[in-house]
Amino acid sequence: MMIAIMQPTYLPWVGYFDLIRSVDAFVFLDDVPMAQQRPNWQKENRILVDGQPRWLRLPTLRPRGDATLINQMTIKKTDWALQHCALLAQGYEYADGYARYAGEFEQLVKKNSENLCALNISLICWMMGAFGLNTKTVLSSDLPVSTARKDAKIIEICKSLGAQKYFSPSGAKDYCKEESFEREGLELIFQNYTPKQYPQAGADFVSHMSAIDLIFRHPLTCGNYL
């Protein structure tokens, strides 16, 4: 059994879904402190509007300050949902998948408008459906894992699910060391992903946009570009 573990991000890029499709189970890492770096993919991502990247940002609150966990993050009561829907309309109103998916997106953001983690997970699962992915998903907060240290926590999660292999994003090479996993009888495999180009509105392909760019433009074939 191979698993992957990632924090739930806002409208992730295509590489996130390549990670999901490559494993038997995918764990949403929801019980770690919310990162503070920018860009912060837990609460922002980019789409294309008139061929240019535009940011969709969520106005968030940390109820417990710097100690606030991802699943404790809240969203300010503003008109952000209307703004995001309007920007998506501006960018994709004439795209093939807009009529099919825009209403579903609007319903999800309005239904999950208070808790950041719930919003992100609901959108990711919805996007998984658009890509035709049925990978099992699990919350790390539902698992009997006690440690908070990055590599040790990942290893404990793997053990709790009975996994033999851990499929890691390449960005985790700084703290995921092969020898640590080998000692625990686990195989560490790093994702080696190059995004495929797909037709966009402009002449030049713009990579690393939210995967919603691909879903809205190519609703029937988006899974072929993972």
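The values are calculated or read from the model by the stated rules, or taken from the named source; none is laboratory data. Since we're looking at a predicted model, the values are computed, not measured. All Cβ positions, glycine included, derive from the backbone under ideal geometry; neighbour counts span all protein chains shown. Side chains included, ligands, DNA and RNA excluded: accessible areas come from the protein's heavy atoms. Shrake-Rupley method; radii C 1.70, N 1.55, O 1.52, S 1.80 Å.
The table below gives the values:
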| item | result |
| --- | --- |
| Candidates 58, 48, 88, filtered to the one that is within 20 Å of residue 125 (Cα to Cα) and in contact with a Lys or Arg (Cβ under 8 Å, 6 or more places away or on another chain) | 58 |
| Candidate set: the stretch 172-206, residues that are more than 23 Å from residue 93 (Cβ to Cβ) and of a type in the set (Gly, Ala, Ser); chosen: the one surrounded by the fewest Cβ atoms within 10 Å (Cβ to Cβ) | 185 |
| Residue within the stretch 46-64 that is in a strand (DSSP E or B), charged (D, E, K, R), touching a Leu at 6+ places or on another chain (Cβ under 9 Å) and over 30 Å from residue 166 (Cα atoms) present | yes |
| Check on residue 67, modelled with pLDDT under 95 and aliphatic (A, V, I, L, M) | yes |
| Residue count for the stretch 17-31, restricted to those that are under 20 Å from residue 190 (Cβ atoms) and open to solvent by 10 Å² or more (accessible area, probe 1.4 Å) | 6 |
| Any hit, the stretch 208-217, residues being open to solvent by less than 20 Å² (accessible area, probe 1.4 Å), within 23 Å of residue 54 (Cα to Cα) and among the small types (Gly, Ala, Ser) | yes |
| Count of the stretch 103-114 residues which are in contact with a Cys (Cβ under 8 Å, 6 or more places away or on another chain) and either surrounded by fewer than 18 Cβ atoms within 10 Å (Cβ to Cβ) or without any contact (Cβ under 8 Å) to a residue 12 or more places away in the chain (or both) | 1 |
| Of residues in the stretch 100-145 being part of a loop (DSSP other than H, G, I, E, B) and small (Gly, Ala, Ser), the one modelled with the highest pLDDT | 132 |
| Output for the stretch 156-171, where each listed residue is in a helix (DSSP H, G or I), modelled with pLDDT of 95 or more and either farther than 17 Å from residue 1 by Cβ or open to solvent by less than 40 Å² (accessible area, probe 1.4 Å) (or both) | 157, 158 |
| Any chance residue 37 is over 21 Å from residue 199 (Cβ atoms) and in a loop (DSSP other than H, G, I, E, B) | yes |
| Boolean, residue 4 is touching a Leu at 6+ places or on another chain (Cβ under 6 Å), aliphatic (A, V, I, L, M) and touching a residue at least 60 places away in the same chain (Cβ under 8 Å) | yes |
| Sole exception among (1) closer than 24 Å to residue 222 by Cβ; (2) modelled with pLDDT of 95 or more for residue 52, by number | (2) |
| Residues of the stretch 34-44 that turn out to be open to solvent by less than 10 Å² (accessible area, probe 1.4 Å) and either among the basic types (Lys, Arg) or under 15 Å from residue 212 (Cα atoms) (or both), as a count | 1 |
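Quick grid of which residues meet (1) exposed (fewer than 13 other Cβ atoms within 10 Å of the Cβ); (2) over 30 Å from residue 180 (Cα atoms); (3) over 19 Å from the mean Cα position of the chain (by Cα):
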residue: 51; (1), (2), (3): yes, yes, yes
residue: 90; (1), (2), (3): yes, yes, yes
residue: 94; (1), (2), (3): yes, yes, yes
residue: 101; (1), (2), (3): no, yes, no
residue: 116; (1), (2), (3): no, yes, no
residue: 120; (1), (2), (3): no, yes, no
residue: 123; (1), (2), (3): no, yes, no
residue: 130; (1), (2), (3): no, yes, no
residue: 141; (1), (2), (3): no, no, no
